[in-house]
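What follows draws every value from the coordinates through simple rules; no lab data is involved. Nothing here was measured: the structure is a model prediction, and the numbers come from that model. Here Cβ is always computed from backbone atoms with ideal geometry, including for glycine, and neighbour counts include all displayed protein chains.
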Amino acid sequence: RCLLKMVKGNIIVPEDILNFCCNGLQGSTSPPRAREPGEREEAPGAMASPSPARNPTEVQMSQLVLPCHTNHRGELSTGQLLKWIDTAACLSAERHAGCPCVTASMDDIYFEHTISVGQVVNIKAKVNRAFNSSMEVGIQVSYEDLCSGKHCSICKAYATFVAQGPLGSKVRLKPLTPQTEEEKIEYSIAAERRRMRLVHKDTLKDLLTHSPQETELETRDGSGAVPAERTRVESVELVLPPHANHQGNTFGGQIMAWMENVATIAASRLCHAHPTLRAIEMFHFRGPSQVGDRLVLKAIVNNAFKNSMEVGVSAEAYGQEMSVSRRHINSAFMTFVVLDQEGQPRTLPMVAPEPGDGERRYREASARKKIRLDRKYVVSCKHTEVPLSVPWDQSNKVYLSYNNVSALKMLVAKANWVLAREKEKVRMYTLEEDRFLSFRIEISVCIPAGRAFSLLSNLRRRHEWDSHYLSAELVQKVDDDDMIYHVVSRRLRHEDKPQDFVILASRRKPCSKGDPYVVAFRSVTLPTHPARAEYTRGETLCSGFCIWPESEEMSKVAYYNQAMPGYLNYVTTNVAGLSSDICSTFEACEKFLLKNKEDLISRLQD
């Protein structure tokens, strides 16, 4: 039937002959049914009821896990899964770009479950956001048990692809317009994830700079240290046409699969057992390789913790001529565990690093473990699952900043806001969701958006328009975009003393046209500013400003707040119209912005 469809598309064949042939192949010799007047012809394979509109970049892949895809335990090889993930993501990227695309990077992947032979892997990939010449593709992986009907999530991944034109030139991508609430959230947060990728290396360097320089080897009873050199693996692969795309470049997923293979061997040499891959740190492709290249894959165990080990793996490419220097293609770090019969991680032998580079890799592995824990703890979980006041330190500053801004952007993208009150220029909206009542205050002000952003992001000036603020002390300037303040507010009704907060303020300028200026606030914990007896320590989970330019001189300023229990009575009183305190505050905010705009104009004229 499929062949006949193809023939139909290229050769003129009478419709009744085609239909008769198709029916005959299905075991029926009935003549084709005549359509009723007004009845539309269905596309082959169309369902009876129309399916909901899908994102045009969305790609769905379903793969039945066969014995050739599995390891000795009958479980799907992680390398094979990585190939399928990369293929689906690449197809999605090319749908948007309309031209060939190559994998630039793959973010951290945490594997929640293994997949057995006979089960089905379902992969869904779609472009979250397009930047200039690169785009982020979100990938969701789940498995389906055909016998029981059970579905279970395996992992979620984010990949970055670059569109390529003739001779490898970069292609400027068309912008992507999100439609659904979920797509708007992913679109907005994609800019934050991109920012986090760019500073990933600096985070590791910063942590190593502020940590002790001496290598401290862990001592573990009943276990001798295994020299790391015994775990070293080197293997070579020849890139053949089946390993490459239509441009002759090696599939990123194929390289990842080869890297996973040598990493597994290195891990096995340490534990003398069959390890299970639990996590992969960000892949970053430094350059392409082509058909005919030889890829040299190297792996070694960098460090072994009590129940897990980190394996470092690299890929280098060279051509047929050995005299040509090798090209560094990729490096990655993979975390393995060894499971006992109950599925619990076993205790692993210690690793004895070699002096020099071995000790450096040992220390870096410890730093990466802390970063992975911070990232998984703060970034991977929902912002409502993060404790209100996360301890602040140098290693998690990037991820707390990410969580701070992404939580506000998620709140902004919600679709169910309801206009609760309007007083002159001030509009108040509410959003009831789960255990939270959120509110949004909106006002249009005759001021350039950039100027409003500068004024509202400085908490030291907030007391000039917000009567609830007594003072705001700048405790730490982390960088140009992130600052920590100690804020003291007035005593709320029914409270016997003022409140104080330790607040992280994260600023973001627009990433592209249409994005707002963002100022996000959340509570953090600093050892230098513990709770004090004269204050009631308050906390904020998610609040902040979004400022959209409506014209060169006009801006829409919106304040968002996810009300905490201690603040709830104050909010509901204003929503119900029993108080105009919030509206009055934002009328004062408008006057503050206008006054400072005029002061700026006067200074420029002088």
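Solvent-free Debye calculation, one equal scatterer per alpha-carbon of the stretch 56-186: log10 I(q)/I(0) at 0.10, 0.11, 0.15 Å⁻¹ equals -0.35, -0.42, -0.72.
If eta is 0.692 mPa s and T is 37 °C, what Stokes-Einstein diffusion coefficient results for the stretch 225-383, Kirkwood Rh from Cα pairs, in µm²/s? Please report the intermediate quantities before stating the final value.
Details: Rh = 16.6 Å.
The diffusion coefficient I find is 197 µm²/s.
The slack between E182 and D515, meaning 0.36 nm per residue of separation minus the straight C-alpha distance, is 118.2 nm.
Over the stretch 452-560, all Cα pairs binned in 10 Å intervals from 0 give whole-percent P(r) values of 14, 44, 29, 11, 2, listed from short to long. Each principal axis of the stretch 384-596 carries a Cα extent, and these read 43, 41, 36 Å when sorted largest first. When the pairs K83/K174; K174/K513; K423/K497; K184/K409; K370/K409 are compared against a 21 Å limit on Cα-Cα distance, K83/K174; K423/K497; K370/K409 fall above it. Taking 0.36 nm per residue of separation and subtracting the Cα-Cα distance, full extension of the segment from A531 to A588 would add 17.5 nm. Which distance in Å, rounded to a whole number, links the C-alpha centroids of the stretch 147-202 and the stretch 432-509? One Cα centre to the other: 31 Å. Among 533-540, 582-589, sorting by the average number of other beta carbon atoms lying within 10 angstrom of each residue, highest first, gives 582-589, 533-540.
Quick one: Debye curve from the C-alpha atoms of the stretch 286-374, no solvent, what's log10 I(q)/I(0) at q = 0.19, 0.20 Å⁻¹? Taken in order of the listed q values, log10 I(q)/I(0) reads -0.91, -0.95.
Label reach from L204 (point 7 Å along Cα→C-beta): in the stretch 349-366, amide nitrogens under 17 Å belong to 357-366.
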